[in-house]
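Scroll down for the structure; my scribbles are underneath it.
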Amino acid sequence: MRSTPATTLVIGGLISSANRYSAAAFSGYNNPSSSLSSPRTDASFLRALIPGTASRSGGARMLAAARNDDDNNPLGAILDIANNLFPSPIGGTIGTTTSKEGEEVVRSFIDALNSRNDPPSVIASRFFDDDIEYVDTSYYNPIRGVEALSRHYYLHAVSSPLSTFAADSSDVIVVDDIVSSATTTSSSYGGDDGTSKVCVMYHLASSTGGRDIDDTTAISFYNLRGGKITRVFDVTEPSSPKPGDAGLRLLKSVSNLIGDESIVMATSGGSEDDSDGRKDDPSISAVERYFDAWNRRDMKDAVSLFAEDCVMRDLQYDDAFHGRDEFEKHLLRVKDCLPSAFNFVVDDIAASSSKAGVMWHVENDGDPLAFTRGCSFYVIDERTGLIRSGFEIPEKAPPKTGYLASIASKFESEPARVIPAVMWAAYMYVLFFSDGILPGANALAFEQRTWEEVRDLSLNFFLVAPSLGLPFSPVVHPMLEGVFNLLLAWAAMFAGFLSDERDDKPNLLPFGPMLVGMQFLTSGFLLPYLFTRTPETSSEVYREDITGDIQSLVGEWRPLGGFLGGVGLASVFWGIFARPEFGGLSERYGSFVDLLSIDRVGSSFIVDLAIFAAFQGWFVDDDLKRRGISDDADEFVIMRNVAKYFPFFGLVAYLTARPPLPTRESSEP
């Protein structure tokens, strides 16, 4: 796509960037993107469920009033005919079959999200091109490829409006307004014949009560080809309160700091004379001319492109700007604070004769600035060509909240997750940083004795080396060896729950690597997995669904419990009877207690055993669920309780006796 110079009504995006630029020499863009917060009335349940029927909610009512709804416009039929006969002034034709098909694909996609009938993998493959680029600005990086998008949908439900919904969520996407256009080879914004562009403004509502959800307005821009979506760019509003003039004052300070005296700058599209030529070009739309005027800092020319009674939303503010005069005052205030090195570039436009959706970004002396992208939606008076209203949402600046929202949603649905979360924080502090809570120096002291002890215990892993009398096997207190190997066998036994990681149930922290980590830092890996894992929703899981052939083999290997139970039992006997030079039971127990009183490593093993005993049952209910066993199945009550409440050996019995996962082949009639 060809980029053209542009400015933005969303100077709010730049306002809040001043702090980042002053702190990081203009290396980023700190914009807590404001939102469309126009007054709304509650959406009805039906409107919430069917995108498009709720377009009178919130900002859409303002849009509809501004453009004279076609349903109430006596010239609507004539305008429809003209719309099909004459090309759009912004690259492509208006109302062509391609643009309408693109709009239908986008509407169907939103319907599928709202219905929750199709799993995310089906939604991803049905609507998106294999090489989809999906930019959700709640996250730092774009999602590329349909497989990665499917994983994102499963993993980050409810983290942002277009990241799908949790199964128990009552939220739905309500389309406020939509505009689409086809792209031709002559388009100023690139593309080939047969592609189309769709821009959607929407918000979230509750389907149970028809209530609009505050601070959820968003704009998304879609590119489509061959009936598939090839690119999505989505920006959402931040939470209230909006920054307002505070950002302007900071931006003014930054301008003074860099000694910026200029209020006119050359655009990336050519000289100022070129821009003057563009503003008189009848083929250039009012929206494009407005962006050009902003880059030239010609505010008189900029506001001349708006109707006298326009309503504009700078989303850094809680309220709209009503009328051309009020809006001009705002633009002049922003102009005085805006460094001249900032240039605004339009990336793409979807337009009809009455609406335009714009995707844009900001450059500093020709270099794109991080976190400065955004979308705008405008309503245009078809008779005068002037802009009647506009809404802009800039990209949110770091810290991005997508991952945090994903984790927070898990705590909201299962408040008990706070227990392993608090336990993990306490564990890491006590083990690595504290002095005086556990015996010995903290782990960051790097005492030589500590690391020698860890090395010696590791060499005697699963008691193989000392049992075989291998010459490199070091002599370690047998009870410490027994505790260490019992703990490792216990950690390895969680491999029996590898079915907790599947393509349709990914986890923020993949279970396989976390399981390996448990062999080195036990509870340091178990606890964060427990409070971030994705809850089980499926009661029909097959062995083939487990991620990885080795994981499937190990996770469903019936002798696993017995084998590791044997290691654990051998560890207990080793601690009591091995290495006779350590004396009888009472003598070796006394020396073991003395060792623990000065040893951080050994005392942490005792803490780990207690944590494993407390949390081993957290896997059991979901494991039974995916084997088709409900929580109230009477015949499995004993098995369930043994697995939950009998430390270590209860888990051994459960892994040995639980029903196996079926294979797809065995389930075929």
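The values are calculated or read from the model by the stated rules, or taken from the named source; none is laboratory data. None of these values were measured; they are calculated from a predicted model. Using ideal geometry, Cβ is built from the backbone for each residue, glycine included, and neighbour counts are taken over all protein chains shown. For accessibility, only protein heavy atoms count, side chains too; no ligands or nucleic acids. Shrake-Rupley method; radii C 1.70, N 1.55, O 1.52, S 1.80 Å.
Modelled this way, with points 7 Å down the Cα-to-C-beta line, the labels at PHE573 and ALA610 are 3.0 nm from one another. If you sort ILE407, ILE419, ILE284 by accessible surface, 1.4 Å probe, largest first, the order is ILE419, ILE407, ILE284. The fraction of Cα-Cα pairs per 5 angstrom bin, counted from 0 for the range 412-478, comes to 3, 14, 16, 13, 12, 14, 12, 8, 4, 2, 1 percent, rounded to whole percents. Classify the range 296-394 as rounded, prolate or oblate from the Cα gyration tensor: take a ≥ b ≥ c as the square roots of its eigenvalues, call it rounded if a/c is under 1.5, otherwise prolate when a/b beats b/c and oblate if not. It comes out oblate by the Cα gyration axes. Here the accessible area is traced with a 1.4 Å probe on the protein chains. For the range 388-436, carbon and sulfur cover 73 percent of it. The loop-placed GluC sites (Glu not before Pro) in the range 423-507, going by DSSP, include none that has at most 12 neighbouring Cβ atoms within 10 Å of its Cβ.
Restricting the calculation to Cα atoms, the range 107-186 shows an Rg/Rh of 0.98 when the hydrodynamic-style radius is the Kirkwood one.
Computed on protein heavy atoms with a 1.4 Å probe, the accessible areas place TRP451, TRP424, TRP574 in the order TRP451, TRP424, TRP574, largest first.
Calculated FRET efficiency, ASP245 to GLU412, Cβ-Cβ distance, R0 = 35 Å: about 0.55 to the nearest 0.05. Computed with a 1.4 Å probe on the full set of protein chains, the accessible area for ASP177 sits at about 10 Å². Of the cross-linked pairs LYS197/LYS355; LYS300/LYS329; LYS410/LYS505; LYS300/LYS355, those separated by over 18 Å at the C-alpha level are LYS300/LYS355.
Rg/Rh for the range 535-623 (Cα atoms only, Rh after Kirkwood) is 1.13. Classify the range 358-421 from the C-alpha gyration tensor, please: rounded if a/c falls under 1.5, else prolate or oblate depending on whether a/b exceeds b/c. Oblate, since a/c reaches 1.5 and b/c is not below a/b. Counting protein heavy atoms only, the range 469-586 has 71 percent of its accessible area on carbon and sulfur, 1.4 angstrom probe. Stokes-Einstein diffusion for the range 403-551, with the hydrodynamic radius set to the Kirkwood value over Cα pairs and evaluated at 20 °C in a medium of 1.002 mPa s, equals 120 µm²/s.
With each label modelled as a point 7 angstrom along the Cα→C-beta vector, the ASP435-SER539 pair spans 5.7 nm. For chymotrypsin sites (Phe, Trp or Tyr not before Pro), the sites in the range 460-522 that DSSP calls loop and that have at most 16 other Cβ atoms within 10 Å are PHE472. Rg/Rh for the range 327-447 stands at 1.28; both radii use Cα atoms, and Rh follows the Kirkwood definition.
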